[in-house]
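Enquirer: Below is one structure. I have some questions about it.
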Amino acid sequence: IVTGLTQVAGKTTTLESLIKRSKMKAVVFRTKIGEKSFLDGTIIPPYFKDRSDWKFIKGMVESTMKMRIDKFEQATIINLCKETGGNSLLDFKKKVDQKLGEKISSNAKVTLTNLQAYLEEVVPKLQTITFSNTLELVEGLNIINLERFSRDSQVQGLIIASVLDEILYNHKGVIVLIPEAWKFIPQDRGSPCKLALEEFIRQGATNKNYIWIDSQDMSGVDKSPLKQISTWILGYQSEKN
């Protein structure tokens, strides 16, 4: 973890130096418009693997609604995922649309309406992107540019989740840098990449794959993954806690 005030603490300078000295492959994500960090690297195309398993869908919904879903809503999502097979967001959306056209309970209708609203926003955006079917990493710094989705952390989170899963299961010796951790692993709700990140932290070190976290402060970041990180580099902080 490297934390401290932007433009004051020197987070980027620190991380660039540590990555270079590690002699390992690294993946970073540019998520903000006009990002001036991590310019000295190789731009690689965004990688995304479509999926719609229930844990993945749950994280997306919680991230969008900015609240945790209850057991009934979770059960509704699980049943829908079983019917679609968990392979495609587009297939999952078609099933949601179909169910809303049937006679269902009022509670189920509320859940499905929320799902439909989310999917109508995200799925078309994903369909406009030319994704790479493989994640090919070069030596040194690999940069995935997500600046065009700077106002849509949902799409950014989906891409980050796919990259994390691919590296965890099919690569060795890779550092993945998670920027703005408060946005991608928030304290009080799910996110599209939260589950993938937690799994990566638990299992990645076996193959020398590591998560590095970059954030101005840690107050809004989920503490579960932070508890498993032993190295903290603290730059200038504006608040004692």
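Enquirer: Over 32 Å between Cα atoms: which of LYS32/LYS93; LYS25/LYS82; LYS109/LYS194 fall into that group? The partial results should precede the final answer.
Expert: Values: LYS32/LYS93 29 Å; LYS25/LYS82 37 Å; LYS109/LYS194 27 Å.
Violating the 32 Å limit, Cα to Cα: LYS25/LYS82.
Enquirer: Another one. Relative to the longest principal axis of the chain, what angle (0 to 90°, nearest 10) does the C-alpha long axis of helix 153-170 take?
Expert: Around 70 degrees separate the two axes.
Enquirer: Express the relative contact order of the chain as a whole percentage, based on alpha carbon pairs under 8 Å and six or more residues apart in sequence.
Expert: Details: 386 pairs, mean separation 86.6, N = 241.
With pairs under 8 Å counted, the relative contact order is 36 percent.
Enquirer: How far is helix 89-100 tilted off the main Cα axis of the chain, in degrees rounded to 10, range 0 to 90?
Expert: The angle comes out at about 30 degrees.
Enquirer: Additional query: Where both residues lie in the chain, what percent of DSSP beta bridges are antiparallel, nearest 5?
Expert: Bridges in the chain that DSSP calls antiparallel: roughly 5 percent.
Enquirer: If you place +1 on the Cβ of every Lys and Arg, -1 on the Cβ of every Asp and Glu, and leave all else neutral, what size is the dipole of the stretch 107-241 about its Cα centre, to the nearest 20 Debye? Mind showing how you got there, number by number?
Expert: Numbers: 13 positive and 16 negative charges, 57 e Å.
Dipole magnitude for the stretch 107-241 comes out near 280 debye.
Enquirer: Further, regarding this structure: Quick check on my link table: of LYS11/LYS183; LYS20/LYS172; LYS23/LYS223, which ones sit more than 19 Å apart, alpha carbon to alpha carbon?
Expert: Numbers: LYS11/LYS183 17 Å; LYS20/LYS172 17 Å; LYS23/LYS223 29 Å.
Pairs exceeding 19 Å: LYS23/LYS223.
Enquirer: Using 0.36 nm times the number of residues separating ASN114 and GLN228, minus their current alpha carbon distance, what extension gain do you get?
Expert: On the way: separation 114, 0.36 × 114 = 41.04 nm, distance 3.35 nm.
In short, 37.7 nm is gained.
Enquirer: Determine, from the Cβ-Cβ distance of ASP152 and GLN98 and an R0 of 25 Å, the FRET efficiency 1/(1 + (r/R0)^6), rounded to the nearest 0.05.
Expert: Numbers: r = 26 Å, r/R0 = 1.05.
E(calc), rounded to 0.05, equals 0.45.
Enquirer: Cα axis of helix 11-22 to longest principal axis of the chain: angle in degrees, 0 to 90, nearest 10?
Expert: 80 degrees
Enquirer: If the label point is 7 Å along Cα→Cβ of SER219, which residues in the stretch 227-241 have backbone nitrogen under 11 Å from it?
Expert: Residues 238-241 fall inside that zone.
Enquirer: Sticking with this one: Over the Cα atoms of the chain, each weighted equally, I'd like the Debye log10 I(q)/I(0) at q = 0.08, 0.12, 0.13 Å⁻¹, rounded to two decimals.
Expert: -0.32, -0.69, -0.81
Enquirer: Another question, if that's okay. Determine the distance separating the Cα centre of the stretch 182-234 from the Cα centre of the stretch 23-59; give it in Å without decimals.
Expert: Here the two parts' Cα centres lie 15 Å apart.
Enquirer: Something else now. List the residues whose amide H sits under 5 Å from the amide H of GLY4, counting only those 5 or more places along or on another chain, with H placed 1.01 Å from N in the peptide plane.
Expert: SER215, GLN216, ASP217, GLY235
Enquirer: Sticking with this one: Using only DSSP helix segments of four residues or longer, with each worth -39500 (n - 2.57), what per-residue ellipticity at 222 nm results for the chain after dividing by its residue count and rounding to 500?
Expert: So the helix-based figure for the chain works out to -14000 deg cm²/dmol.
Since every read-out is calculated from the coordinates, none of them should be taken as a lab result. These numbers were taken from a predicted model, which means no experiment stands behind them. As a convention, Cβ positions derive from the backbone with ideal geometry for all residues, glycine included, and neighbour counts pool all protein chains shown.
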